[in-house]
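Single-structure report; data block below.
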Amino acid sequence: MADKTLVCKDCNEEFVFTEGEQEFYKEKGFENEPQRCPDCRRARKQNRANYGRGGNRSHGNRW
């Protein structure tokens, strides 16, 4: 298995899907290659983690 060069679907930059990452994906049973570069994956994960914090949610309080 050799390193693969892929293109990020968010920023359109090329990134390397290393042999080690491919092994990790295989061990975890992931069938699809990553579609985003590491920077875009990190940014997307951060955005998801911050989504919904604060705001006007009552969390079940009725007052």
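Values in this text are rule-based calculations from the coordinates and carry no lab data. No experiment lies behind these values; they were computed from the predicted model shown. Methodologically, a virtual Cβ is constructed for each residue, glycine included, from the backbone with ideal geometry; neighbour enumeration extends over all protein chains shown.
Listed by chain and number, the lysines whose C-alpha is less than 16 Å from the C-alpha of K4, apart from same-chain residues fewer than 8 away, are K26.
Tell me, T5, T18 in order of fewest to most beta-carbon neighbours within 10 Å? Walk me through the numbers on the way to the answer.
Details: T5 8, T18 13.
Lowest to highest Cβ neighbour count: T5, T18.
With a cut-off of 11 Å between beta carbons, the residues surrounding A43 carry a summed charge of +4, where Lys and Arg count +1 and Asp and Glu -1. The residue among P34, T18, T5 whose Cα reaches farthest toward the positive pole of the charge dipole of region 4-48, with charges on the beta-carbon of Lys, Arg, Asp and Glu, is P34.
Divide, for region 4-48, the radius of gyration over alpha carbons by 2.2 N^0.38 Å, where N is the residue count. Before the final figure, lay out the partial values.
Numbers: Rg = 10.8 Å, N = 45, 2.2 N^0.38 = 9.3 Å.
Normalised by 2.2 N^0.38 Å, the Cα Rg of region 4-48 equals 1.16.
Put simply, when 32-38, 21-27 are sorted by average Cβ atoms within 10 angstrom per residue, most first, you get 32-38, 21-27.
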